[in-house]
Amino acid sequence: FSWVNPAESQTPGLEHATFRSPSMGIDVGYFVYLPEAYRQQFNQEKRFPVVYYLHGGRPGSEKKSISLATFIHKATREKSISPTIYVFINGGPVSHYNYPEMENAMGEDVFIHELIPHIDRTYRTIANRSGRAIEGFSQGGRGTMRIVFRHPELFCSAAPGGGGYATEKRISEEGGRESETLRFAAGYNTWDLAKAYALKKKNTGLPAFRMLVFVGAEGFNYENNLEFMEYLDSLGIPFERLVVPDAPHSAKIIYEKNAIKILGFHQQSFQMQLGDNSNAEK
């Protein structure tokens, strides 16, 4: 595992960068996609919404999902979506979890408390929840679901894809244990966090966010995604669902079939939040 993983990019506007982590005292890498409109001279005061993309797999690497930038660039050039910044993050050695038992393994905290503020300082983002979204697939889908329930004040839009909710359920039922060697804090899983969010929202009026849960119908997480969707329904948590026929457990293939639906979902969320004052016009 490494916190910095540069790679060559064939997608215009996609570049690798790093920031210095205050908590770890080391550099952390990320990829950022800046649409053409961001660089245009007459747009130098304009701010843009940002989507944070959480990769799948373990350990983390910011280059794991950057092939999806090709779809984002194409949709932007064709004006299927408005110009939007996309940030591909490194989820840490345990991929989007905080795991204090391991050195430099607080992946969620590095993302939430360090990367997001760095991005808002460094790029012309709409630096509040009205212009901020989160998305991910597989491990990143699990991470997206956990993080948006823990930090609804930060995001107006979430698109968790292909998450392993059977594993998350086992973590819930077995006191945080994912495996013989990996145990998380009690309640630190999608099932318990969804329930806690629903209760807090009912009692305290937490901010609402839009959510799209998507999965390939031929993927190995298909059935447990359907089960988790039923669970969200039972809790009264609203969401849209996207089941992609003939798609395996592959973010790239799902994007090949339904990129505009997923990308457009965030655009709708931004437009609902920003209205006619949106800085992300087509």
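Applying the selection to segment 121-140, what residues are surrounded by fewer than 24 Cβ atoms within 10 Å (Cβ to Cβ), in contact (Cβ under 8 Å) with a residue 24 or more places away in the chain and either of a type in the set (A, V, I, L, M) or in a helix (DSSP H, G or I) (or both)? I'd like the intermediate steps shown before the answer.
Going through segment 121-140, the residues surrounded by fewer than 24 Cβ atoms within 10 Å (Cβ to Cβ) turn out to be 121-130.
Now drop any that are not in contact (Cβ under 8 Å) with a residue 24 or more places away in the chain, which leaves 122-127, 129-130.
Scanning segment 121-140 gives Thr122, Ile126, Ala127, Arg129, Ser130.
So if I check each of Ser82, Ser95, which one is in contact (Cβ under 8 Å) with a residue 40 or more places away in the chain, assigned to a loop (DSSP other than H, G, I, E, B) and under 15 Å from the mean Cα position of the chain (by Cα)?
Values: Ser82 fails: under 15 Å from the mean Cα position of the chain (by Cα).
Only one candidate qualifies: Ser95.
Within segment 5-60, can you find the residues that are open to solvent by 50 Å² or more (accessible area, probe 1.4 Å) and either assigned to a helix (DSSP H, G or I) or under 21 Å from Thr144 (Cα atoms) (or both)?
As a first pass, look at segment 5-60 and keep what is open to solvent by 50 Å² or more (accessible area, probe 1.4 Å): 6, 8, 10, 12, 15-16, 18, 20, 22-23, 26-27, 36, 39-42, 44-45, 47, 58-59.
Correct list: Glu36, Arg39, Gln41, Phe42, Arg58, Pro59.
Residues are listed down the side, and each one gets a yes or a no for (1) without any contact (Cβ under 8 Å) to a residue 40 or more places away in the chain; (2) open to solvent by 20 Å² or more (accessible area, probe 1.4 Å); (3) out of contact with any Asp or Glu (no Cβ under 7 Å at 6 or more places or on another chain):
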| residue | (1), (2), (3) |
| --- | --- |
| Ala194 | no, no, yes |
| Pro207 | no, yes, no |
| Phe220 | yes, yes, yes |
| Pro248 | yes, yes, no |
| Gln268 | no, yes, yes |
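Need the failing condition index for Ser172 against (1) part of a helix (DSSP H, G or I); (2) closer than 30 Å to Gly264 by Cα, just the number.
Here Ser172 clears every test but (2).
Before we move on, is Ile85 crowded, with 17+ Cβ neighbours inside 10 Å, β-branched (Val, Ile, Thr), touching a helix residue (DSSP H, G or I) at 6+ places or on another chain (Cβ under 8 Å) and within 19 Å of Gln267 (Cβ to Cβ)? First the steps, then the outcome.
Working: crowded, with 17+ Cβ neighbours inside 10 Å: yes; β-branched (Val, Ile, Thr): yes; touching a helix residue (DSSP H, G or I) at 6+ places or on another chain (Cβ under 8 Å): yes; within 19 Å of Gln267 (Cβ to Cβ): yes.
It is true that Ile85 is crowded, with 17+ Cβ neighbours inside 10 Å, β-branched (Val, Ile, Thr), touching a helix residue (DSSP H, G or I) at 6+ places or on another chain (Cβ under 8 Å) and within 19 Å of Gln267 (Cβ to Cβ).
Evaluate segment 141-149: report whether one residue or more is in contact with a Leu (Cβ under 8 Å, 6 or more places away or on another chain) and open to solvent by 20 Å² or more (accessible area, probe 1.4 Å).
The answer is no, given that none of the residues of segment 141-149 is in contact with a Leu (Cβ under 8 Å, 6 or more places away or on another chain) and open to solvent by 20 Å² or more (accessible area, probe 1.4 Å).
The values are calculated or read from the model by the stated rules, or taken from the named source; none is laboratory data. Computed from a prediction, not measured in an experiment: that's the story for all the values here. A quick note on method: Cβ atoms are made from the backbone with ideal geometry, for glycine too, and the neighbour counts reach across all protein chains shown. When the accessible area is computed, the model is the full protein with side chains, heavy atoms only, and any ligands, DNA or RNA have been set aside. Shrake-Rupley method; radii C 1.70, N 1.55, O 1.52, S 1.80 Å.
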